[in-house]
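The values are calculated or read from the model by the stated rules, or taken from the named source; none is laboratory data. These figures come from a predicted structure and were not determined experimentally. All Cβ positions, even for glycine, are placed from backbone atoms using ideal geometry, and neighbour counts span all protein chains on display. Just the protein is used for accessible areas: all its heavy atoms, side chains included, with ligands, DNA and RNA removed. Shrake-Rupley method; radii C 1.70, N 1.55, O 1.52, S 1.80 Å.
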Protein chains: 2
Amino acid sequence: MARVAILGTGLIGSSIGLRLKQSSEIRDLEVIGHDRAYDAAQYARKIGAVDLIERDPAMAVRDAALVILAAPVLANHRLMADIANALPDGAIVTDTGSTKAETMREAERVLPDRVSFIGGHPMAGKTESGPKHADAALFEGARWVVVPETDAPESAIEAVLHVARSAGAEPMFMDAEEHDAYAAAISHLPLLMSVALFRLARSSEAWPEMSLLAAGGFKEITRLAATDPSMSFDIASTNREQIAHWIDRLRETLREVRDYVTDKSHEENLFKLLAQSELEYGVYRGGKVGREVESGMQDVSGFDFGSFLMGEALREKMREITRDQEERMKRLDQEQRSRRNV
Amino acid sequence: MARVAILGTGLIGSSIGLRLKQSSEIRDLEVIGHDRAYDAAQYARKIGAVDLIERDPAMAVRDAALVILAAPVLANHRLMADIANALPDGAIVTDTGSTKAETMREAERVLPDRVSFIGGHPMAGKTESGPKHADAALFEGARWVVVPETDAPESAIEAVLHVARSAGAEPMFMDAEEHDAYAAAISHLPLLMSVALFRLARSSEAWPEMSLLAAGGFKEITRLAATDPSMSFDIASTNREQIAHWIDRLRETLREVRDYVTDKSHEENLFKLLAQSELEYGVYRGGKVGREVESGMQDVSGFDFGSFLMGEALREKMREITRDQEERMKRLDQEQRSRRNV
């Protein structure tokens, strides 16, 4: 009988459990669940994400061939220390944490040589947390970053690739530092930006009025503020430098946007920025990602339709603005004349 | 027969048209549609949002008792100039633009005294634009800001309140400057922040890799980058000062968040920020808006359950961090001893 232990039966752990149990590839699979919050483990068992639950993480991993750490990053580090001595020889340990470099170092430091550690990060999630929101289809089509230890045996890597693939995800090998740099830009920065915007609006004296006016756009853009604070804290405190770097760059970009907005001589730049973003966002949401990006907006003949469209829109907008200004000048001029004639 | 002219049959104009036509209160209502893009007007007629279409805005308003300007802000200003002489005596003109102060000034300057202008802004929308996405239920439960001219007759105000209410919205009187200040914080800043984040990530050399990793959170938080650039431009160029003010404040908040992330001595502040945001966001999404906010998290006895919960979470997290640090120190100490003993 194959035994898998899932430590942390929140949204991610329970979703993996559900999927593993549904997959018919492994016969007689037994999944042991542990969660610091006992009711979360109980709920995971109720929905069939795990078969058994265990209060003590060391007991949970005793006979496990594969251990999946699915708690927030720092909690995963604590779990490593808790299970280190109890892990069977040859066990494979993986995780689903949002940052990778510190976790790889922690595994190297804490786990015994007789087990292998393969870092992992399924790039999927929801704002809602906990096993109540578990979904076997959560990882469908998502990338699942895989970061093997330098000396990891092929069989250990294969086991983790198998989990990722059977969850419907596409595994993607990556260096831990590389992962953390990218994740800072497309995941950790958005999270903190969402928090910053919500705090800013919420702490304004006009919040009672603002909250009445705020429509879908505001609710959506601040939604990441609902992320479990323990998870956010663990992310921030294990990827400090990369996050700081991207906050700095965002502040710089915002300063530039501010200049475009305030300085009338930048009207053309402002429109270009808005039109180019709309166009490229459309291309991105249309599915052009990865290496396709480079050929993004050019057809076979090399004609760049996107730039052509944007150029047209820009010329049209600039004509309108010029016309508006000319008409305003003409009107002012007429008003002055008629005043003089009075 | 009551005649209403809708100038600009995009998402907002067509949705208002659909709703007006569905409302049984007005018998023999005839809605005339105009759009600079003739196919948008044709589509609006096809779905029954307007009865007739008219290429010339001046012709469209000839016999209209009520004129609704539903194009982007600067296009609404151009339309005012186009229709000024053709408006019938006593006509009521309103708009649905995203900024109000410049539009009120423009109406004062351009429209004849024999008509009334009541500014309006339904606080609802979608990223998708155009009559294809028209939805009679779009304004259901939303606030509809109403900004009357100083000398507007009661009957004109009542007519606009009627449109808002029959669309399912809740009218809210507001001063134009006040509206623009609030809208800058909860609508215009999120829009430009979304654009800034998308531009920043998209222009990175690592975008091919990042775009593969980006999951739901990134897609959602950058979704406002898909806003029609003409609409965004018109917003930015008619609310420059308020937007600049809020960009400055956001940059300041981000600098503070950055300090919390980089400086280990701020760990408590970082966790507090994250936990408080999560808690307050929950209260906000739970429906506490407007004046309810002040009593937000206190029950009748004055006991602040939110602060209590947060205090508990904070103490727990700080205990964990301290324990982690102590254990790390112990381990380091043991390692040093054993090295010395070698």
_Globularity index of segment B:182-274, i.e. its alpha-carbon radius of gyration over 2.2 N^0.38 Å_ = 1.26
*Count the net charge of all other residues whose Cβ sits under 10 Å from the Cβ of A:MET172, scoring Lys and Arg as +1 and Asp and Glu as -1.*
-1
*Find the Cα radius of gyration of segment B:21-122, compare it with 2.2 N^0.38 Å by division, and give the number to two decimals.*
1.04
*asked:* Just to confirm the numbers: A:GLY216, label point 7 angstrom along the Cα-Cβ line, distances to the other copies in nm, shortest first?
replied: 1.7
*Other-chain or far-sequence residues with amide H under 5 Å of A:ARG143's (modelled H)*: A:MET123, A:GLU170
*Of all DSSP beta bridges in segment B:93-250, what percent run antiparallel (nearest 5)?*
45
*Enclosed volume per residue, in Å³, of the convex hull spanned by Cα atoms of segment A:23-80*: 95
*So what is the diffusion coefficient of chain B in µm² per second by Stokes-Einstein at 4 °C and 1.567 mPa s, using a Kirkwood Rh over Cα pairs?*
55
*Carbon and sulfur together cover what percent of the accessible area of segment B:28-155 at a 1.4 Å probe radius?*
44
_Greater than 25 Å apart at Cα, pairs in B:LYS21/B:LYS46; A:LYS21/B:LYS219; B:LYS46/B:LYS219; A:LYS219/B:LYS288; A:LYS21/A:LYS288_ = A:LYS21/B:LYS219; B:LYS46/B:LYS219; A:LYS21/A:LYS288
*Return an integer: the convex hull volume of the alpha-carbon atoms of segment B:70-181, in Å³ per residue.*
109
*Which semi-axes, in whole Å and largest first, does the equivalent ellipsoid of segment B:136-236 have when worked out from the alpha carbon gyration tensor as the square roots of 5 times its eigenvalues?*
38, 16, 10
*Could you rank the peptides B:233-243, B:251-261, A:57-67 by their average count of other C-beta atoms within 10 Å per residue, with the highest value first?*
B:233-243, A:57-67, B:251-261
*asked:* Suppose we keep just the DSSP beta bridges with both residues in the protein assembly as shown; what percent of those would be antiparallel, to 5?
replied: 20
*Can you pull the semi-axes for the protein assembly as shown, root of five times each eigenvalue of the Cα gyration tensor, sorted largest first, whole Å?*
55, 25, 24
*Please figure out what share of the DSSP beta bridges in chain A is antiparallel and state it in percent, rounded to the nearest 5.*
20
